[in-house]
Structures are given as structure tokens and as C-alpha cells.
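Enquirer: I am attaching a structure below and will ask some questions about it afterwards.
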Amino acid sequence: MNLWKKVCPLEQIPRLGAMRIETPKGAIALFRTRDDQLFAVTDRCPHKGGPLSQGIVAGHEVTCPLHGWRIDLTTGEAVSPDKGCVTRYPTKVEEEWVWIAL
Amino acid sequence: MRKPRLVVVGNGMAGCRTLEELLKLAPDRYEITVFGAEPHPNYNRILLSSVLAGEVPFVETILNDPTWYETHGIRLHLGKRVVEIDRISQRVVAEDGTSAEYDRLLLATGSSPAILPVPGNDLHGVISWRDIADTEAMIEASQKYRHAVVIGGGLLGLEAANGLALRGMTVTVVHIGAWLLERQLDRYAGELLQKSLEAKGLRFMLQTETRALHPGPDGRVQSVEFADGSRVEADLVVMAVGIRPNIELAQRAGLYCRRGIVVNDTLQTYDPKIYAVGECVEHRGVTYGLVAPLFEQAKVCANHLAEFGIARYTGSVTSTKLKVTGIDLFSAGNFMGSPQSDFITFTDPSAGVYKKLVIEGDHLVGAVLYGDTVDGAWYFQLIKDRQKITEIRHQLMFGPHHLGNTGHSGENRAAAMPNDAEVCGCNGVTKGAIVAAIKANGLFTLEDVRKHTKASSSCGSCTGLVEQILANVLGSVYQPNNTREKPICDCTDLTHAEVRQAIREQKLLSIPQVMETLGWRTPDGCATCRPALNYYLISTWPHEAQDDPQSRFINERAHANIQKDGTFSVVPRMWGGLTNPTELRAIADVAEKFRVPTIKLTGGQRIDLLGVKKNDLPKIWAELGKAGLVSGHAYGKSLRTVKTCVGAEHCRFGTQKSMGLGIRLEKALFGMWSPHKVKLAVSGCPRNCAESGIKDVGIIGVDSGFEIYIGGNGGIKTEVAQFLCKVKSEEEVIEYVGAFLQLYREEGFYLERTCHYLARVGLDYVKAQIVDNPEKRQALYERLLYSLQGVEDPWQKAVATQDREYAIMEMTE
Ligand code: SRM
Ligand SMILES: Cc1cc2nc3c(=O)[nH]c(=O)nc-3n(C[C@H](O)[C@H](O)[C@H](O)COP(=O)(O)OP(=O)(O)OC[C@H]3O[C@@H](n4cnc5c(N)ncnc54)[C@H](O)[C@@H]3O)c2cc1C
Ligand code: SF4
Ligand code: FES
């Protein structure tokens, strides 16, 4: 079952930036894109476990800092020709606060 | 609003390639309809030779299967030949009456084989070779009949002859020229080739003109008669005597045609709504019969169909490779030369090796290689880029030493490598895996191979090997990248040089402004272009342009090197490699307090604390700062280290104070961002214990002053630094070095080390700016000082501002 949890004020995550959250379910990377959408995925690259939260965000994609795989944040899938995926978590913004469902 | 309609006539290699390029740029712009006279989806025509030789089944030559057309919403009419273009009502009509209206029309009708005008040329058993139907007819004939005659000793003829011989026929090649491939090879190489092919069982009749073909009792061809009246037996005759561009359709529609359909540099015909690409066109008086130029045309044409309007096609230099297994030949450019040319040749008759390089002035203009074609791609690149070769002329014949870089244990012959040999040491990719990926996915470029296999996508030292493998698998289709004209990434068609220029001339100050002004295709760019743009902005407009942390790689954002497990490393600066008890104590204390798992001496004369948690970084920096330690920038495209030897301060041989000068240089350049990292060294005498010979800038103290060397590199590919000049005082060293580094900062492309920059612009150019022109040198040095004004230690700044990069949330139950 998904439980909504309050994370932080929206302004704490810069546009095209990310926040790493340590949760009981492991580390989660929370991204904010230019259009102010929020995406939360496991902070482990499907390639060799790189911390995606440290990558460069462009459009709705993040590039892993270790070996440059690209992950599509809308699907959680690696961009072809790489293959693999990360778990996604629902997010929402209410009154300028970020929430995540674990 | 209705989408504009694009109609393509010709479903071959050039037409489909243009569509692929167009879909990359503007996937939704057009409603697309394709007409193809053949009943097959687009296949790789050049592989028909391998199909005939029995090396590849036909299905493997398909480039775009019917689902590709479907997924892109393309209406495909197979087996329908277009017979009329109505330019008034903008409509094309096919043989069976099917019609389609267009807003833009693309003609890619290819060419047809030429047929010799001799009696009997329409007999049963006389064919030419263009498509899969012809190939099937040849295979079928080879099963029933014995004697084949191939007319024409060009590329196509020889590949036909080879294939038929492999299928068991006795084959005679009849050729009118004095040697084989006379349009691709000089006489010597042509004769070597003939010998190798004779050893494979082929027979040749050179300088022989065909007069007539005669039928047997069954009406099928039975013999070929020559101008001298002699005859040879033949129950299959293949004519491979050249091609004729298919222009009839265009001609009937009133479009201007000469040998081909005439197009301009944007691939438009005389009717601006109608474009044309491929073998059917004539551009600046030239028609082409190889696919590489067609791919270049496709790219430019797609750019204009997508209405980006920036690309120009200015013609192609082509290269040749013959696809006959076991025969290595390569030729490119003006291989025959002219009376003004110099020739460098190499022959080793018993090994069957022959090489000829044609040089005019400062440039390589042509090359013929036979028996050893390893360096073909490199020569081709030199020819295409028109690179100056004066400085490397004496070693040109020995190849680029491009291969055998560290990590490949001297491996330098892709062809000789077994399939299970590792090509890319970083990603563990074997030769077999690369070959399979090229074949299975129809890859054509180095970029494609990088994407699909990861080979050569990390440190890049195997790039030469991968290029060779591509060249071997693809033959002449392989086009090495024109590095100078390569766009930064898929987000733009502009090159590094063009973007740098625009930023300077239009005074662009932020990434969004660059992207908007220069028409970036993606709103945010990507992980390749953003760091480059950020560097160009801050180096061109220091103190004015905005530095964007989100466009820096994590190491530069976090002021620390990320490790494989997501922890970081901390490398404090030790000026000139010197330290003292206070610093050492502070390092020992933080290591103990924060339980740093590994402490290591780096190759850059300082200490590395490895395995630090991101949250601890600011705390460690704060404590190190108290002892006066600042960031060593071990993570940045910036000044790294200045290595020194003990020098005249202590050493019995020292002539100059290397430690002192090293520290002065390091302090003067502290905090300098650059296209790539910059490493210096200062040695006190020519024994050179600080290894100045492999540094971006190396100084060697001699009795009478200092020698300055630039452009060395000790990394992926060892590069010996080149002598710039000799100066007398430490002050001069700092000014000359500062000026050179500023020149590199202003003109270097992102991720180009000084050695690559120097190879691009040439040592003479740098000397002219730095050594021979004092005003220029001083101006450069002053600009460097200006950009370094007010530089702060990034660590103490991050501590003071409580940089957000370190905020990590904990969520516990
Ligand atoms: C720490 C150190 C190894 C050591 O323990 O000695 C090191 C570590 C790394 N080097 Fe290095 N290099 C280190 C000295 C060198 C040297 C020797 C030197 O500086 O005298 C070289 C060859 C000299 C040269 O650069 O010309 C060297 C050539 C490279 C290269 C190849 C550069 C090239 O242009 O060929 C890379 C890859 C790159 O930068 O793209 C690289 C990249 C790296 C990176 C940053 C890989 C990365 O991007 O994450 C390594 C970080 C490891 C980590 O997990 O923290 N490292 N690296 C050395 C740090 C020196 C320092 O005090 O700052
Ligand atoms: C056996 C063989 C081996 C080759 N090997 C090499 C090689 O190693 N390297 C190399 O660079 N090149 C090679 N080539 C040449 C290369 O295949 C051509 O340069 C390339 O295919 C030309 O592309 P194109 O699109 O212009 O023409 P094509 O690929 O011929 O495509 C034109 C298509 O248009 C169709 N068409 C024509 N008129 C109409 C019409 N009115 N209506 C509808 N459809 C029409 C044709 O049926 C054809 O399918 C080889 C060619 C052959 C035959
Ligand atoms: S430290 Fe340098 S040489 Fe060693 S593994 Fe890392 S990049 Fe390779
Ligand atoms: S761990 Fe992410 S790309 Fe390798």
C-alpha cells in the first residue's frame, strides 16, 4: 500500500536538479524538471548501481554520472539501446510542499 | 491544421536514409508516402555482393522492415513505379494508376546499369546487376551452368566475378582498360590485384573489346565474340560496364537534367518544391556511385525538409574498398596525382604490400594502399579534413600510431584479431560483439557503434581499432567522422567552433539564451552540450556570464570525485607537491574523525582521502580549511597539479629553483577553468625528475634560464610535449605560460586536452601568438588575470553558503 509522506518545500530542489532521500525502502532520487514536474525513482542505476540523483537532468531524462546511461523518468526505462529499468514512486506538490508515496 | 505531405519516389538507400534523418529531426512534420518500384522494403544494396558470395542471406540485408514504415505512419507503395509527375497539380502517378499529392517531393530513383550496344545484348542469359532479382538470377544460373563472362573490370564486375567463382563457375573477366579498377587504382596496384584474383581462379582478358554475343540452339547466350574475332564460351554474361542515373521521370516533368537531375547545395532541383538525392542527382557537375556521399546528401536534404535550413552539401571526397574476402585494397582522393605532386611509395613485393601517398604542397591529396590497409581511414581523414601534414610528413607512411595505445597491448590490426579478442578494455567489448552489432543493426558510424555496444565510448583509446573494424565490415561505405565539422551533439547542427564564435560575437550570457538564439532542438540540451556551453560562457565572458551548476558534471558540482559506490574523494591542494606538519596533522585528524577508509598518495604528488560520504564533505572541508588547506580541483576541467622536483633548493645537479617556481605557477593559476584538465611540471635540470615532457605545460630549468614545453600528455595516449621557447626569468615563464593557457582556454573545444588543441592549430600558430607577438602575449596574459580575479576556494565557499548540493533528506519510520 502506498503511504503519502511529506518531503521538503518545493523550492529546496532546484529546477533540473535532484534530491536524494534515504527511506526505509532504500535511497530514492527525486527530480524536478524545467516544467516543474517531479519524478521519483530508485536512486540506483540499472547498469552498475550509480546514484542517479547525481546525474544531469535534461527534458524528462537523467544521465547517470558513472557511465552515462540515460533513464527516461516518465517510464523508468533506460533509453535504447541500453536495457533496464528503475522503480518509480508517485509524487505530488501541495501548497508548495513535495510529497512522495512509498 | 493538415500536415504538409511529403512524397518519396524511390525506396532505396538514399531515399530511406533521408527519411531516417528527417524523422530524427522532425518526426511529426509530414504525412509521408513512399513509392518503390521493387517489391521489397528498403535493403542494403551493397550487401548484394555478399549475398552472391553466399556470405549473407538476403533477409539480413533488410534495413527497414515493413513495421518500421508502420510505426512512423509512412504509407508504403511497393512494386509501384511512378510514371508521371504533374507539377501543376503537385501529384505523382504510378503505373497502376495509384496517385499521391505532395507539398514536397523527394526523388531518389537511383540509377540503372548501362548496357553495351552490341548485337545479342538482349539474349537469354545476359544480365546486369543492380537489385535482388538480378542477384537471384545469377545464383540460379550458377547452379545450372558452367561458364560465366563478366564484362567490366570495375568494382561491381570484380565482385560479381568473385561471387560466381565461389559458386563454382569458371569466370572470365573482360575489361577494356589497361589494368583493373583503373578508376580506383594506379597500374602497379591494379596488377597486384590481378595476380591475387588469378590465384583465386579468375581469368582476365584486358584491353579487350566485346563485339557481339552469340546464341546457342536453345536461344540462350553461348559465346562472346571480341573485336579481334576470337570467342570464348559463355552461358551467363554479366554486364558491369557502368551506371546511368535514372532521370527520365524528372526529365519528362521538365526538371533540368544533365547527366543526373541537377541539384544545388541544398539538394533542391530547379523546382524548389522538389528535392533529389542519391545516384540520380548531379551536384556541381558530379554524379556519385557509392553510398557514402549519398548519406551526406541525405543528412543535408533532411535538414532542409525539416526547415532548419542550416546545412550545405558541398560535394564529397570518396574512397574505395573492394569487398572480396582476403583482398585488402583502399584508395582515396586524387591517387594518380599530377605533375606538381610528390609521391611517397612503399613496396614489399613478396609480402604483396604496396602503398602510395600523393602529396601536394602541405596536404595529402590521395592514397592507394594494397595488401595493408590498416591506416586507410586515417589517410582518408587527412585528405578530407585537408589537414596540414608538413610536420608529420617524414612519418606519414608509417601510419598514425593511433593504435596500440595503452590498454591494447600493441594490438593494431583489426583484421587479424580473433573474434573473442577484447577491443574495448573499459567496457569489455570483443571484436565479435562489434561485428555482430554492425551487421545486425545496420550500423554505419562510430557513434552508432558507441551507442549499441559501448565500445570506445569511455576512454576512447580503442577508437582507432573500432574504426578499422567498421571499415573492414562496411567497406567503402564507411565514412570516418569529419571531426572538424561535427556538431556538438544531437541537440544542434552547430559545431563547437560555431557555437564559441556566436557566444563571443553576439555576447550571449546564459545557456537558455544560447539555446534560444542558436535554435537548439531540445529545451534543456543534454549531458553532452550543457557542460560545454557552460564552459564556453564562463571562459568567454568572465564575471558576466552565469555559471550554471546544473550544467556541470557531478564532480564539479560537488567539488569532489564521485566513486563507483556513490561516495566521494577529497584531494586537498599541496602547492608544488610540498606539505608540512600542520597540513599532515589536519589530514590525519579528519581521516580519523570521519573514518575515511582509504588514504592514498596520488600520481600528482598529493594525498587522496577516498570513500567519503557526501554529507561529510562540507564538514571535512571546514576542518581542512582551518589548517589552510584548499581544494585541489582533482575533480575539475581546470588546473590540476604542478609537479616539481627538488631542484636547486637541494639537489646537487639543480640549476633552477623548481619547487619555488612550481608553487608560484600553481598559485598564479589557482581556480582556472579550462576546456579539459591542465597539468604542469617544473624540473630543475634536464634530468627532468618531474616528468615535464608529458605535461600540458612542462618547464625545464637550464643554466641560462627555462625551457617551456607545451602539449604533452601522459594519459590515454602518451604525447611528448613540444618545445615552445626558452626564456630567462621566472616572471617570463609565468607570463608565457599564462598566455598559452589563456589561448587554449579561448580557442580549445570542450574536452580537448592541450595536445589535441595543439594538433589542431599547429605549433607554428601558437608560437606566432605567444613567442613572436609580445602585444598579443601580454593581452592574453591580462585576460587570464582578469578572469582569475577574485577566485575563491570552492570548498570554503560551499561551507560558508551551506551549498544545497549537500542537503540529503533522511526519512525514517
Ligand atoms: C587520483 C588519481 C590516481 C592516483 O591515485 O594516483 C587519478 C584518478 C582519476 N583519474 Fe587520473 N588520476 C591521477 C593522476 C593521473 C595522471 C598522472 C599525473 O597527473 O601526473 C594521469 C596522466 C597524466 C595526464 O593527464 O596527462 C591521469 C590520467 C587520467 C585520464 C586520461 C587523460 C588523458 O587526456 O589522456 C583520465 C580520464 C579523463 O580525464 O577523461 C583520468 C581520470 C581520472 C578519474 C578522475 C576518473 C574519473 O573520471 O572518475 C580518476 C578518479 C578516481 C577516483 O575514484 O577518485 N586520469 N591521471 C591521480 C590524481 C592526481 C592528482 O593529485 O590530482
Ligand atoms: C552489387 C552492388 C554492390 C555495391 N557495393 C557497394 C559498395 O561496396 N560500396 C558503395 O559505396 N556502394 C556500393 N554499391 C552502390 C550502392 O548500392 C548505390 O550507390 C546506392 O544503393 C545508391 O542509392 P540510391 O538510393 O541512389 O539508389 P538505389 O539504392 O538504387 O535506390 C533507388 C530505388 O528507387 C527505385 N525506383 C527507381 N525509379 C523509380 C520510380 N520511377 N518509381 C518508384 N521507384 C523507383 C529503384 O527500384 C530502387 O529501389 C553497390 C551496388 C551494387 C548493385
Ligand atoms: S584511477 Fe585512473 S587509471 Fe585507475 S582505474 Fe581510475 S581512471 Fe583508470
Ligand atoms: S552505473 Fe549508471 S551508467 Fe553505469
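Each reported figure results from applying straightforward, stated rules to the coordinates on display, with no laboratory input. In this text the structure is predicted, and so the values were computed from the model without any measurement. Counting neighbours? That spans all protein chains shown, and the Cβs are built from the backbone with ideal geometry, glycine included.
Enquirer: Provide the gained length on full extension for the span B:GLN546 to B:GLN501, in nm with one decimal, where the gain is 0.36 nm per separating residue minus the Cα-Cα distance.
Expert: Taking 0.36 nm per residue and subtracting the Cα distance, the gain is 14.4 nm.
Enquirer: What angle, in degrees between 0 and 90 and rounded to the nearest 10, separates the Cα long axis of helix B:291-305 from the longest principal axis of the Cα atoms of chain B?
Expert: Compared with the principal axis, the helix lies near 70 degrees.
Enquirer: Is any residue of region B:702-731 close enough, with backbone N under 20 Å, to a label point placed 7 angstrom from the Cα of B:ARG652 along the Cα-Cβ axis, and if so, which?
Expert: Counting backbone N atoms under 20 Å from the label point, the list is B:702-703.
Enquirer: Compute the acute angle (0 to 90°) between the alpha-carbon long axis of helix B:496-505 and the principal axis of greatest extent of the alpha-carbon atoms of chain B; round to the nearest 10°.
Expert: Its long axis makes an angle of about 60 degrees.
Enquirer: Kirkwood hydrodynamic radius (Cα pairs, Å) of chain B?
Expert: About 30.4 Å, per the Kirkwood formula over Cα pairs.
Enquirer: For B:VAL173, what residues show an amide H to amide H distance below 5 Å, using hydrogens built from the backbone and excluding near sequence neighbours?
Expert: HN-HN under 5 Å from B:VAL173: B:VAL150, B:ARG203, B:PHE204, B:MET205.
Enquirer: What length, rounded to one decimal in nm, is gained on full extension from A:ARG34 through to A:GLU94, with 0.36 nm per residue of separation minus their alpha-carbon distance?
Expert: Answer, rounded to one decimal: 19.8 nm.
Enquirer: R0 = 51 Å: FRET efficiency of B:LEU763 with B:ASP218, Cβ-based, nearest 0.05?
Expert: Between B:LEU763 and B:ASP218 the formula returns 0.10.
Enquirer: With θ set to phi - 60°, apply the Karplus curve 6.51 cos²θ - 1.76 cosθ + 1.60 along region B:145-151 and write out the HN-Hα couplings as whole Hz, x wherever there is a Gly or Pro.
Expert: 10, 10, 10, 10, 10, 9, 9
Enquirer: Within 10 Å of each Cβ of A:57-64, how many other protein chain Cβ atoms are there on average?
Expert: 4
Enquirer: To continue, here is another question. Just the number: Rg to Rh for region B:691-777, Cα atoms, Kirkwood Rh, two decimals.
Expert: With Rg and the Kirkwood Rh in hand, the quotient comes to 0.95.
Enquirer: Which one, A:LEU66, A:LEU52, A:LEU30, has the greatest fluctuation when you compute a Gaussian network model over chain A with C-alpha springs under 10 angstrom?
Expert: Fluctuation is largest for A:LEU66.
Enquirer: If you don't mind, there's one more thing I want to ask. Let me have the 222 nm mean residue ellipticity of chain B computed from DSSP H runs of 4+ only, each contributing -39500 (n - 2.57), with the sum over all residues rounded to the nearest 500.
Expert: -9000 deg cm²/dmol
Enquirer: Filter the trypsin sites (Lys or Arg not before Pro) in region B:543-583 down to the DSSP loop ones having no more than 15 other Cβ atoms within 10 Å, then list what survives.
Expert: Loop-located and lightly packed - B:LYS564.
Enquirer: Region B:116-216: percent of C-alpha pairs farther apart than 20 Å?
Expert: Cα-Cα pairs of region B:116-216 separated by over 20 Å account for 38 percent.
Enquirer: Another question, then. Cα-based Rg (one decimal) and Dmax (whole number) for region A:4-101, in Å?
Expert: 12.4, 40
Enquirer: Relative contact order, percent, of region A:4-101 when contacts are C-alpha pairs under 8 Å separated by at least 6 residues?
Expert: 28
Enquirer: Shifting gears a bit: Greater than 18 Å separation of Cα atoms is the criterion. Which listed pairs, B:LYS614/B:LYS679; B:LYS299/B:LYS439; B:LYS200/B:LYS323, meet it?
Expert: B:LYS614/B:LYS679; B:LYS299/B:LYS439
Enquirer: Run through the DSSP bridge list for the protein assembly as shown and note the antiparallel percent, rounded to the nearest 5.
Expert: Taking every DSSP beta bridge with both residues in the protein assembly as shown, the antiparallel ones total about 70 percent.
Enquirer: Suppose we take every Cα in region B:65-146 and form the convex hull; what volume per residue is that in Å³?
Expert: Residue-normalised Cα hull volume stands at 159 Å³.
Enquirer: Moving on. Could you derive backbone 3J(HN,Hα) for region B:14-25 from the dihedral phi with the Karplus parameters 6.51, -1.76 and 1.60 (θ = phi - 60°), listing whole Hz in sequence and x where the residue is Gly or Pro?
Expert: Each residue of region B:14-25 in turn: 6, x, 5, 4, 4, 5, 4, 5, 5, 5, 5, 7 Hz.
Enquirer: Now for a different question. Sort B:621-631, B:526-536, B:10-20 by packing, meaning the average of other beta carbons within 10 Å per residue, with the highest value first.
Expert: Averaged packing, sorted descending, gives the order B:10-20, B:526-536, B:621-631.
Enquirer: Restricting attention to region B:256-334, which GluC sites (Glu not before Pro) occupy a DSSP loop and are surrounded by at most 15 other Cβ atoms within 10 Å?
Expert: Loop-located and lightly packed - B:GLU307.
Enquirer: While we're looking at this one, here's another question. Highest mean first, how do B:423-435, A:80-92 rank when packing is the count of other Cβ atoms within 10 Å averaged over residues?
Expert: B:423-435, A:80-92
Enquirer: Rank by packing, highest mean first: peptides B:64-74, B:731-741, B:507-517, B:155-165, with packing defined as the count of other Cβ atoms within 10 Å averaged across residues.
Expert: Those peptides, ordered most packed to least, come out B:155-165, B:731-741, B:507-517, B:64-74.
Enquirer: For region B:345-401, state which trypsin sites (Lys or Arg not before Pro) are in a DSSP loop and have at most 15 other beta carbons lying within 10 Å of their beta carbon.
Expert: B:ARG386
Enquirer: A follow-up question, please. Quickly work out the B:GLU140-to-B:GLU792 label distance, labels modelled 7 Å from Cα along the C-beta direction, and quote it in nm with one decimal.
Expert: 8.2
Enquirer: What is the distance in Å between the Cα centres of region B:616-673 and region B:64-96?
Expert: If you average the Cα positions of each part, the centres end up 68 Å apart.
Enquirer: Now, a different point. At 0.36 nm per residue, minus the direct Cα-Cα distance, what do B:GLU592 and B:ASN264 gain on full extension? Give it in nm, one decimal, please.
Expert: That works out to 111.0 nm of additional length.
Enquirer: Report the calculated FRET efficiency for B:THR325 and B:ILE716 (r = Cβ-Cβ distance, R0 = 30 Å), to the nearest 0.05.
Expert: 0.35
Enquirer: Moving on. Could you give the longest part of chain A that holds none of the GluC sites (Glu not before Pro) found in DSSP loops with at most 11 neighbouring Cβ atoms within 10 Å?
Expert: A:1-94
Enquirer: Can you tell me the 0 to 90 degree angle between the C-alpha axis of helix B:581-593 and the longest principal axis of chain B, rounded to 10?
Expert: Helix B:581-593 and the main axis of chain B meet at about 70 degrees.
Enquirer: B:ASP703 versus B:ARG183, label points 7 Å from Cα toward the beta carbon: distance in nm?
Expert: With each label placed 7 Å out from Cα toward Cβ, I get 6.7 nm.
Enquirer: Semi-axes, largest first, in whole Å: what does sqrt of 5 times each Cα gyration tensor eigenvalue give for the protein assembly as shown?
Expert: For the protein assembly as shown, the ellipsoid semi-axes come out as 57, 36, 25 Å.
Enquirer: Another question, then. For B:SER111, which sequence-distant residues (separation of 5 or more, or a different chain) have an amide H within less than 5 Å of its own amide H, given hydrogens modelled in the peptide plane?
Expert: Result for B:SER111 returns B:ASN246.
Enquirer: Which pairs, out of B:LYS564/B:LYS593; B:LYS80/B:LYS321; A:LYS83/B:LYS384; B:LYS767/B:LYS797; A:LYS48/B:LYS797, put more than 29 Å between their alpha-carbon atoms?
Expert: Long pairs (Cα-Cα over 29 Å): B:LYS80/B:LYS321; A:LYS83/B:LYS384; B:LYS767/B:LYS797; A:LYS48/B:LYS797.
Enquirer: Give me a single rounded figure for A:14-27: the average over its residues of other chain Cβ atoms within 10 Å of their Cβ.
Expert: Other-chain Cβ atoms within 10 Å of each residue's Cβ, averaged: 4.
Enquirer: On to the next question. Between B:GLU307 and B:GLN395, how high is the FRET efficiency from 1/(1 + (r/R0)^6) when r is the Cβ-Cβ distance and R₀ = 51 Å? Nearest 0.05.
Expert: That gives a FRET efficiency of 0.60.
Enquirer: Is there a simple number for the mean count of other chain Cβ atoms within 10 Å of the Cβ of residues in B:781-794, and what is it?
Expert: Across B:781-794, the average partner-chain Cβ count within 10 Å equals 0.
Enquirer: Okay, next question. Using label points projected 7 Å from each Cα along Cα→Cβ, tell me how many nm separate A:ARG15 and B:LYS564, to one decimal.
Expert: It works out to 3.8 nm between the two label points.
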